[in-house]
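No lab work stands behind these numbers, since they all come straight from the coordinates. All figures in this text were calculated on a predicted structure; none of them were measured in a lab. Please note: Cβ atoms are built from the backbone with ideal geometry, for glycine as well, and neighbour counts cover all protein chains shown.
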Amino acid sequence: MRNFPLLASLVAGLLLLSAPPSTGQAAGPANTAPSLSAADRETVQRLETYLNNIKTMQADFQQIASTGQSARGIFYLSRPGKLRVQYTEPEPAFLLANQNLLVYVDETLGQESYVPTGSTPVSFLLADTISLDGDVRIERVQSRDNVIRVGLVQRDDPDAGALTLVFSDLPLELRQWTVTDAQGVKTTIALNNTSYGRKLDPDLFEYQQKPVQGPRN
């Protein structure tokens, strides 16, 4: 599917944050989180409160990758549990996620791909309670000129990639995120014309799987 890598990059930042806090063995020294100041922890708590208060969200997005690829579309969120990324340029496609299933549909080619969310990370925005310090590790918190940046990595595999969330402050709002993958490719997704609390059409988050065609005699 020709556009799946673009959409995968678009939601990669969200997928990185999905898992709940680990309950297994204690992490080794390599996974020890940097010490955050009291002010940093207060900032993180404010960000989590803001994210958890979002019930519905709609925004235009623009994506630019360091490879030169770009994309545009509309981002829809209905919490908890529903996410749609409608890709409008350069080709129509969409990614639909709920608490059970992740589906990608190339509308031009009529192709679709399904992944059970039980076998992949689920967008952290779909969770009942959003946490920025679960199976991810906060590397840094920067607040300057009414802009807040939070850098995160996976706690168990910090070399797998990194994510930076960018918020404007006063008022507090998620504006963009940048994903850096294990190969160093950076993908920045900027949100514009964001609206909250809008009643979204439930059909946005539904997709009827095409029937499987059996072999012809």
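Results, tabulated for the structure shown:
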| item | result |
| --- | --- |
| Calculated FRET efficiency for the pair D156/T88, C-beta based, R₀ 25 Å, to 0.05 | 0.10 |
| FRET efficiency, E173 to Q208 (Cβ-Cβ, R0 30 Å, nearest 0.05) | 0.30 |
| Interchain or long-range residues, amide H under 5 Å from E139's placed H | G151, L152, V153 |
| Cα-projected label distance for L36 with E139, points at 7 Å along beta-carbon direction, nm | 1.5 |
